[in-house]
1. Tell me, please, whether a residue that is farther than 30 Å from residue 365 by Cβ, touching a Gly at 6+ places or on another chain (Cβ under 8 Å) and in a strand (DSSP E or B) can be found in the range 201-220.
2. Restricting to the range 85-107, and then to whatever is in a loop (DSSP other than H, G, I, E, B) and without any contact (Cβ under 8 Å) to a residue 60 or more places away in the chain, can you tell me which residue is nearest to residue 395 (Cα to Cα)?
3. Could you tell me whether any residue of the range 230-252 is within 30 Å of residue 372 (Cα to Cα), buried (at least 24 other Cβ atoms within 10 Å of the Cβ) and in contact with a Cys (Cβ under 8 Å, 6 or more places away or on another chain)?
4. Which of (1) of a type outside the set (A, V, I, L, M); (2) closer than 25 Å to residue 178 by Cα; (3) outside any loop (DSSP other than H, G, I, E, B); (4) in contact with a Leu (Cβ under 8 Å, 6 or more places away or on another chain) is the odd one out, the single condition residue 135 does not satisfy?
5. Determine if the range 315-330 includes at least one residue that is crowded, with 24+ Cβ neighbours inside 10 Å, part of a helix (DSSP H, G or I) and in the same structural domain as residue 395 (by TED's automatic domain parsing).
6. I'd like to know if the range 67-76 contains one or more residues that are more than 20 Å from the chain's Cα centre (by Cα), of a type outside the set (A, V, I, L, M, F, W, C) and either over 16 Å from residue 339 (Cβ atoms) or crowded, with 23+ Cβ neighbours inside 10 Å (or both).
7. So which of 30, 49, 63 ends up being touching a residue at least 60 places away in the same chain (Cβ under 8 Å), out of contact with any strand residue (DSSP E or B) (no Cβ under 9 Å at 6 or more places or on another chain), of a type outside the set (A, V, I, L, M, F, W, C) and not assigned by TED's automatic domain parsing to the domain that holds residue 355?
8. Does any residue in the range 287-301 that is within 25 Å of residue 220 (Cβ to Cβ) come within less than 8 Å, Cβ to Cβ, of a residue that is charged (D, E, K, R) six or more places away or on a different chain, and which pairs are these?
Amino acid sequence: MTAEGAAITGIGMVTPSGVGVQASWAGILSGKPTAEVDDELAGLPVAFSCRVPDLDACARLTSRLALRLDRFTQMALIAAHEAVADAGLNSEAWHGERVAVVMGVGTASFDRLEAEVMKLASDQVRKISPLMIPRSIPNMASGEISLALKARGPSFATSTACASGATALGTALLLLRAGACDIAIAGGAESVRNRISAVGFSQLGALSTRSGSPAAASRPFDTGRDGFVLSEGAAVLVLERPAHARGRGARTRAILSGYGATCDAHHPTAPPVDGRGAAAALRMALADASLTADDIGHINAHGTSTPLNDAAECQALQAVFPQPPPTTSNKGVWGHSIGAAGAIEAAVTALTLEHQLLPPTANHTQQDPAFDLDIVTGSGRHHQVRAAVSNSFGFGGHNAVLILTVG
């Protein structure tokens, strides 16, 4: 029996190209990198990032609400409101017990914890905020969405590092299939544009050091790649059982048809050179969607712009696909938003299927000769595609692969 997919009926996005799906889609199609010098990181070895512009959370939410939320939760809530409106749903009228919320968050609020720990270290215990815990814990993205939308079904966070957002969407698909809900609000949110994260990733050697040319720093699958660029953002998708979506006459933007998840069990941060764990997740997702490699017309790659990860992902793609289809990495434009990345890229993949237009990969000027890939560069490429892959791989060896098909 073929496992049922989930109808994607609504999308909400907050990215370094702007707030909202329209601004984000236009930004990714432009191929214009968003990395720039970040004053908040001044004096650090890596002092540039991809920042969401004009995020006036007080205006988009309410001042009282925005001020008690950390940035990742603000972005999650803004994206969720857009997604629900896009789906044509009314949270005041729906059966809340049948609505689940699953949000992927990788690091949450390192900067919030850093600020409060500094108070503790300087013997200012009484100045530590009583909101420190509820503002910083990863599950508050899902918790605040549930609260705002009166979603009383299962609500929780997934945390699989850079795969967190994709894991959230895959988990939501499983909840729908299990009959635990009729609607799932799912995605990811993260902001790693903070000093402690910048230092930590820099010490790992994970970040690009192109301080003289930040816009050219994120270079997925390029010979000159030397690390990723810190970013932030959020994406939320409304997923529904297809019968539920049809029953209310909803537009289906795409179908989430398959999900595969594995663990490399190899190394805390580095993937195996042959990409075997990622390849296994790809095969699992294809089987879950009842598709073969020949059915896939596009790959939205994880494509971090790091030497090891891009090479391992290429090995995985070449192991599964006799000739990998046209491939894009969104991180050339938007950098790496860790827990939000998989959800943002799944949203882009859904829009790619809807518009039959493949976004370009920014800063890809000289392909690594070891990679037998058709990387989309320059401008968007019109291409007929019925099914696409969205890859996400994270520290800890977590691999999550989503298969999306035309709605």
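The values are calculated or read from the model by the stated rules, or taken from the named source; none is laboratory data. Just so it is clear, the structure is predicted and the values come from calculations on it, not from any experiment. All Cβ positions, even for glycine, are placed from backbone atoms using ideal geometry, and neighbour counts span all protein chains on display.
1. Looking through the range 201-220, none of the residues is farther than 30 Å from residue 365 by Cβ, touching a Gly at 6+ places or on another chain (Cβ under 8 Å) and in a strand (DSSP E or B).
2. The selected residue is 90.
3. Yes.
4. (2)
5. Taking every residue of the range 315-330 in turn, at least one turns out to be crowded, with 24+ Cβ neighbours inside 10 Å, part of a helix (DSSP H, G or I) and in the same structural domain as residue 395 (by TED's automatic domain parsing).
6. For the range 67-76, residues more than 20 Å from the chain's Cα centre (by Cα), of a type outside the set (A, V, I, L, M, F, W, C) and either over 16 Å from residue 339 (Cβ atoms) or crowded, with 23+ Cβ neighbours inside 10 Å (or both): present.
7. Just one listed residue meets the conditions, 30.
8. Pairs that qualify, where the first residue is within 25 Å of residue 220 (Cβ to Cβ) and the partner is charged (D, E, K, R), are 295/386; 297/386; 300/345; 301/313.
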